[in-house]
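Read-outs throughout are calculated quantities, based only on the coordinates presented, and are distinct from any laboratory measurement. What you are looking at is a predicted structure, and each value in this text was computed from that prediction instead of being measured. Ideal geometry is used to build each Cβ from the backbone, glycine not excepted, and the neighbour counts take in all protein chains shown.
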Amino acid sequence: MRVLIRADASPAIGSGHVARCLTLAQVLRQQGAEVAFACRRLPGNRLAALQAEGFPTFALPEFYTDENPRLGIEAPLPWQADIAALQEALVDQPAFDWVLVDHYGLDHQWQSAARRWAPRIAAIDDLANRRHAADLLLDQNFSGSAEAYAGLYGTQCRTLFGPHFALLREEFRRPPILIRPQAQRLLVNFGGFDAAGQTHKAMLALADLHELQVDFVAGSGNPDWQAMQMLAADRPNWHLHSYVNDFAGLLAEADLCLGAGGGTSWERAVLGVPTLCITVAGNQQANARLLAEAGAHLYLGPCEQVEVGQLRDAVKLMLGNPGLRHSLAARARKLVDGLGSQRVAAALFAAAVRLRPATLDDARLLFDGRNSDLVRRWSQQPEAIDWWNHVQWLEACLSDPQCLLLIAELPDGPLGMLRYDREGGQAEVSIYLFAGRFGLGWGQVLLEQGEACLLRHWPDVQRLRAQVLSNNQVSLSLFRRAGYRQGACEFTRMLKEHLDD
């Protein structure tokens, strides 16, 4: 699978768009995809960093003809010029399977035009203020919802809304921090650019808290860098970082964090780091407010409304209040499990899933899959199956014209098993995933693609049924989402081709 990502970075835009796309790109590459980036050569662009990560890049002009360079972040780009620049950059490039765009200035017009390079378009957004012509729409924020985006995407668009899909790097999947009676270490981070100058404000607020260990993470391009160096020079408990190789590790050492309301919200949440949040951009405010209402952090307000004294008082409140910090951490961790990047990658890879008939060569694969603890726990027959009986069962399935046994595969290996047992005009479906594929949304993909394969094989089947244990909440939810109707003991689904029969 080939994916082209269109995103920009600059002091005005920030580095968050490229950062979260890079996280997704790394997961896609691990699963066998080829990923490239197209970015404008704006001041502070991340082209060199992307190249250092091994991703091909296409550099677009900083400004387009007749474009006013002073236009703000919310102003739409001249999408025709952006498409033309991309056309020139992509000359002689093979087609892509997906074009993914993460840019507030590019809307449905750009997305429709970008289909010349790929049959499918994905969009990442968190503003819900413009129309999308996408096949997949992601908003990882707490504020992302079908209601917020009502009327802004088509009926065929798949949506991924909420922090369940937060794009987090693998290094953030680690145990939560320990909540100590007295907080001793604070981390301050307002992004790679911090054009709003909140790191410097934090230094002024913390200047009298001499016993507190503080890590300030702010790029050397920060507008207050020299002033911050002077403030930190004679304070041995302060550490000013222009770059951190292991941000997840540094965050995991903190008792408390002070930061903005962007993507780092989910990095703090998954580690359970109690947080004081100050938003530095308008698009962060709704998410920050909803997280505060959920008890997942304390929101102090937009940066222009937070004074140094208020910030100092809020930090003091949190330092000696372990009950409050514990509550914030526990509620935040319930929102994020660190697997969002894998779930989004699964949604993109859904088109690359291949279903094939099983053969005797799959005996070991199916044996190990069926006997895994997680599969047996929710099976109608939870006992382990011995090899001899398994081989006999497989031979019987393969020779039975009323049984359709399928293996689902991805470019990086096998995914899961589907079995349909036909009886007249109905078929019973059985499904399980192989090790390492659980919890990422693959079950729904398999059911959707398996249904299409079933109708090609048996076009006269009218009804599907599935038996699920009453306490198997994951499978119950899966079949509901797939359009099955729950009865007393089983799920059933009428196939669209036969609804009018």
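A few comments on the model shown:
- Projected label distance in nm at W393 and L374, using a 7 Å step from Cα toward the beta-carbon: 1.9
- Proxy reagent accessibility, fewest Cβ within 10 Å first, across D215, D373: D373, D215
- Here is how the number arises for the chain: DSSP H runs of 4 or more residues each give -39500 (n - 2.57), the sum is divided by the residue count, and the result at 222 nm is -9500 deg cm²/dmol.
- Additional length obtainable on full extension of the chain from L360 to R115, 0.36 nm per residue less Cα span: 84.1 nm
- Computed packing ranks the peptides 437-450, 389-402 as 437-450, 389-402, most packed first, by mean other Cβ atoms within 10 Å.
- Here the extension length gained between Q467 and A294 equals 58.7 nm, from 0.36 nm per residue of separation less the Cα-Cα distance.
- Distant-in-sequence amide H partners of G301 (H built 1.01 Å from N, under 5 Å): T279
- About its Cα centre, the chain has a charge dipole of approximately 620 debye under the convention of +1 per Lys or Arg Cβ and -1 per Asp or Glu Cβ, with nothing else charged.
- Backbone N within the stretch 261-278 under 17 Å of label point (7 Å from Q285 Cα along the Cβ vector): 261-262, 277-278
- Length gained when the stretch D92-S327 is fully extended (0.36 nm per residue, less Cα-Cα span): 79.1 nm
- With each label modelled as a point 7 angstrom along the Cα→C-beta vector, the D337-E211 pair spans 4.0 nm.
- Helix 387-399 axis, angle to the chain major axis (alpha carbon atoms, nearest 10°): 70
- Cα-based helix-to-principal-axis angle, 16-30 vs the chain, degrees rounded to 10: 40
- Dipole-positive endmost among L317, G262, L464 within the chain (Cβ charges, Cα centre): L317
- Take 427-433, 78-84 and order them by the average number of nearby Cβ atoms within 10 Å per residue, most first; the result is 427-433, 78-84.
- Estimated FRET transfer efficiency (E448, S242; beta-carbon r; R0 51 Å; 0.05): 0.60
- Computed from Cα positions, the angle between helix 442-457 and the longest principal axis of the chain comes to roughly 30 degrees.
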